[in-house]
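Take a look at the structure below.
The values are calculated or read from the model by the stated rules, or taken from the named source; none is laboratory data. Given the structure is predicted, the values throughout are model-derived calculations rather than measurements. Because the Cβ atoms are built from the backbone with ideal geometry, glycine has one as well, and the counts that use them run over all protein chains shown.
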Amino acid sequence: MEYTTLGHTGLKVSVAGLGCGGPSRLGMRNDAEGEKNALAIIRQAIDLGINFLDTAQNYGTETVVGKAIAGIPRERLVISTKKTLPPADHPDPQADVRKGLEQSLKALGTNYIDVYHLHGVEPKDYEFAKNRLLPAMRQAREEGKIRFIGVTEGFVQDPSHEMLRESLEEDLWDVVMLGFNLLNPSARRTVFPLTQQKRVGVLDMFAVRRALSQMARLQELCGELIQKGIFRNGAVNAAEPLDFVLRESDAKTLPEAAYRFCRHEYGIDVVLTGTGNLDHLKSNVESMLKPALPNAVLKKLEDLFGNLDYLTGN
Ligand SMILES: NC(=O)c1ccc[n+]([C@@H]2O[C@H](COP(=O)([O-])OP(=O)(O)OC[C@H]3O[C@@H](n4cnc5c(N)ncnc54)[C@H](OP(=O)(O)O)[C@@H]3O)[C@@H](O)[C@H]2O)c1
C-alpha cells in the first residue's frame, strides 16, 4: 500500500480507501445475511494495508465495520462516517446531529470519529447545513468526539460541484468527498484549485460505478452522447466505447483503468473503492498501485470528456 497525508489534517491515509456504501454496501445491500462476507471484505482491506474506512449513518454498515475493527489498535485506522441531513423543518437539527453522532460512535464501537461528514449536501441544502448543522459538528470537535469536519456532495444531483464550489470559498471543511472519474473529471478545473489552495483533504467517490464496470451501461451512455452529437464523428466506437484505453495501455480491464485514472489525479488524496467482492477488492488495490495511464490515453480521454460536467457514471 502507499500512504499520503489527508490535506491539512495531517492524517496518514492509504491512497485506496474502502467505501462501505455505494451500490454494493460491502455486499449487504441485497443480502441481509451478508455480514460474514462484509466482515471478510473489511478484514481483507485492512490486511491489504487500507487504513481508511468510509461508512455512513444510513448505509447500514457502521455496525459491521465496528465488529471488524474491534481489537485493532484504534490509532491504526482512520474512520470516516456521515450524518444524514435532517429535514429542513426539523425542530432541533443540532440535537439530531448530536444524536446521530452518538449512534455512530456506538455502532462503530469507538469514542471518536476521525472524519465526520454532513452527507450528500446539495446546493439547496447548503445554507441549512452551514447555519443549522455545522455548529453542532464544531461543538463535537471541541468535545473530542470527532477530529475533523467533512462534507460530501450529492454528486448525482450536483455533478458540476456547485455546492463545493460555493462552500470552499469559505473555510468550513477539513475534508471533502466528491465525484470524480474519467467520464466527469470537471473537479480538476473547478474544485481542486480551491482544495489545494486551502489544503483541504480530498476523497474520491464514483471512480468506477456502473458505467465503468458494466459494458452494457457504458454502451448505452455513450450511445446517448453520440446521438446528441457530443463527440466528433467516429471519435467513440459505439459498440466498444473506450476500446482505445485497453488497446493503448497495459490496463487489463476498464475498472482497472478507471481506478488508475483517479489514483494518479493530482488533487485527490484517497480513492474509495466500493465492493462486495473479495477478488474485486484485491484487484482494485493492485490497480491503484500501478503507474498512471500513458499520456496519450489521458489526452484522448481529456479530448472526449474533459469538458463534460454532467455525467456521473451511474
Ligand atoms: N454522497 C456520498 O456521500 C456518497 C455517495 C456515493 C458513495 N459514497 C462513498 O464512496 C464509496 C465509493 O463509491 P462506490 O461504492 O459507488 O464506488 P465505485 O468503487 O466507483 O463503484 C462500485 C461499483 O463498482 C463495482 N466494482 C468495483 N470493483 C469492480 C471490479 N474490479 N470489476 C467489476 N466491478 C467492480 C462494484 O460491484 P461489486 O460489488 O460487484 O464489486 C460496485 O457496483 C462508497 O462505497 C461510499 O463509501 C459516498
Open item on the list: Here is a check on your reading of the model: is Glu35 closer than 30 Å to His280 by Cβ and within 17 Å of the chain's Cα centre (by Cα)?
Closed with: no
TODO: Residues that are within 24 Å of Gly179 (Cβ to Cβ) and in contact with a strand residue (DSSP E or B) (Cβ under 8 Å, 6 or more places away or on another chain): find the strands (runs of 3 or more DSSP E) completely inside the stretch 1-100 holding 3 or more of those.
DONE: 3-5, 16-19, 52-54, 78-84
- [ ] Would you check which residues across the stretch 119-136 are within 16 Å of the ligand (Cβ to nearest atom), assigned to a helix (DSSP H, G or I) and of a type in the set (A, V, I, L, M, F, W, C) and list them?
- [x] Ala129, Leu133
Open item on the list: Cβ-Cβ under 8 Å, sequence separation 6+ or interchain: first residue in the stretch 11-29 and farther than 21 Å from Leu289 by Cα, partner aromatic (Phe, Trp, Tyr). Which pairs?
Closed with: Gly21/Tyr59; Arg25/Tyr59
Open item on the list: Given the condition at pLDDT 95 or above and farther than 24 Å from Arg210 by Cβ, answer yes or no: does some residue in the stretch 18-30 qualify?
Closed with: no
Task: Subset of the stretch 227-246 that is among the aliphatic types (A, V, I, L, M) and surrounded by 18 or more Cβ atoms within 10 Å (Cβ to Cβ) - its residue that is farthest from the ligand (Cβ to nearest atom) - done: Val236
TODO: Just give me the residues in the stretch 228-271 being on the phi > 0 side of the Ramachandran plot and small (Gly, Ala, Ser), in sequence order.
DONE: Gly229, Gly234, Gly267
Open item on the list: Restricting to the stretch 254-306, give me the number of residues that are within 13 Å of the ligand (Cβ to nearest atom), among the β-branched types (Val, Ile, Thr) and either in a helix (DSSP H, G or I) or without any contact (Cβ under 8 Å) to a residue 12 or more places away in the chain (or both).
Closed with: 1
TODO: Test Asp204 against the criterion of being charged (D, E, K, R), surrounded by 18 or more Cβ atoms within 10 Å (Cβ to Cβ), within 10 Å of the ligand (Cβ to nearest atom) and outside any loop (DSSP other than H, G, I, E, B), and give yes or no.
DONE: yes
TODO: Determine which single condition Thr84 fails, assuming it passes every other condition in (1) touching a Gly at 6+ places or on another chain (Cβ under 9 Å); (2) buried (at least 16 other Cβ atoms within 10 Å of the Cβ); (3) hydroxyl-bearing (Ser, Thr, Tyr).
DONE: (2)
